[in-house]
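Structure, as structure tokens:
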Amino acid sequence: MPENKFPERLKRLRERVNRKQYAIAQCCDIDRKTLRLYEKGKMEPLMSQLISIADYYDVSIDYLAGRTDNSVVNK
């Protein structure tokens, strides 16, 4: 089974924009505790939350999920 890159990528993206968990959670309509669990790899997001996170960071869902290293969204 491939390594789950989602927690690492989520945390790296948040740190790149220099925002706190609560700020990201609020913008994505996710509970801060839930976002923390995502970053620790203890919980996985629902599809609607994954879409919200990808939209916020303007990255592809495949990038967040670790299916590609290309973060560009194909529109």
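Whenever you get a sec, line up 37, 13 from highest to lowest accessible area (probe 1.4 Å, protein heavy atoms).
37, 13
Find the eigenvalues of the gyration tensor of the Cα atoms of the chain, then list the square roots of 5 times those eigenvalues as equivalent ellipsoid semi-axes, largest first, in whole angstrom.
17, 14, 11
The values are calculated or read from the model by the stated rules, or taken from the named source; none is laboratory data. Remember, predicted model here, so these are calculated numbers, not experimental data. Side chains included, ligands, DNA and RNA excluded: accessible areas come from the protein's heavy atoms. Shrake-Rupley method; radii C 1.70, N 1.55, O 1.52, S 1.80 Å.
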